[in-house]
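Engineer: After the structure tokens below, expect a handful of questions from me.
The values are calculated or read from the model by the stated rules, or taken from the named source; none is laboratory data. Worth saying up front: this structure is predicted, and the values here are computed from it rather than measured. Virtual Cβ from ideal backbone geometry, glycine too; neighbours counted across all protein chains shown.
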Amino acid sequence: MEEERKVETQTFETVEPIGKRVLIRKDQDKKETKGGIKLPDTIEIPTITGRVVAVSAEIEHSPDIPLRKYDKVLFNPKGAIPVDFEGDNRLFVVEVQNVVAVFRKG
């Protein structure tokens, strides 16, 4: 009998938000204040800015929602759903109503 060899191929999962949701990679937490005060690692100050890495098809085809992939946004983290449940996770699915601003160069 021939031995069956299993070759593990690594497949990358993609996360595609549905409904009126976007996938956001939040910015790194701040380690220092603007005044130069170093913050201890044990204090977590929530960062509520990030980049849109994916938008749902509904948002993509809606002229009423001005969000596009790669936009820098300000969002309310209370409604954000973590994609991975590990502590250092930075990907979140966020409903459009929790995105409160988009940063634009003008």
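Engineer: Does at least one position in the stretch 26-48 carry a residue that is under 14 Å from the mean Cα position of the chain (by Cα), of a type outside the set (D, E, K, R) and at pLDDT 90 or above?
Structural biologist: First, pick out the residues of the stretch 26-48 that are under 14 Å from the mean Cα position of the chain (by Cα): 26-29, 46-48.
Pick out the ones that are also of a type outside the set (D, E, K, R) and you get 28, 46-48.
If we keep only those that are at pLDDT 90 or above too, we end up with none.
Looking for residues that are under 14 Å from the mean Cα position of the chain (by Cα), of a type outside the set (D, E, K, R) and at pLDDT 90 or above, one finds none in the stretch 26-48, hence no.
Engineer: Moving on. Checking Gly106 against (1) modelled with pLDDT of 90 or more; (2) at negative phi, which single condition isn't satisfied?
Structural biologist: The one condition Gly106 does not meet is (1).
Engineer: When you scan the stretch 57-69, do you find a residue that is part of a helix (DSSP H, G or I), touching a residue at least 60 places away in the same chain (Cβ under 8 Å), over 12 Å from the mean Cα position of the chain (by Cα) and closer than 13 Å to Lys20 by Cα, even just one? Quick ask: steps written out before the conclusion?
Structural biologist: Going residue by residue through the stretch 57-69, those that are part of a helix (DSSP H, G or I) are 57-60.
So of that shortlist, the ones also touching a residue at least 60 places away in the same chain (Cβ under 8 Å) come out as none.
No; the residues of the stretch 57-69 include none that is part of a helix (DSSP H, G or I), touching a residue at least 60 places away in the same chain (Cβ under 8 Å), over 12 Å from the mean Cα position of the chain (by Cα) and closer than 13 Å to Lys20 by Cα.
Engineer: For the stretch 58-106, give me each residue that is within 17 Å of Asp27 (Cβ to Cβ) and among the aliphatic types (A, V, I, L, M).
Structural biologist: Residues satisfying the conditions are Leu67, Val73, Leu74, Ala80, Val83, Leu91, Val93, Val94, Val99, Val100, Ala101, Val102.
Engineer: Let me ask something else. Here is a list of conditions, (1) assigned to a strand (DSSP E or B); (2) modelled with pLDDT under 95, and Asp88 meets all of them except one; can you say which number that is?
Structural biologist: So the condition that Asp88 fails would be (1).
Engineer: A further question follows. What number goes with the only condition from (1) touching a strand residue (DSSP E or B) at 6+ places or on another chain (Cβ under 7 Å); (2) modelled with pLDDT under 95 that Lys78 does not pass?
Structural biologist: (1)
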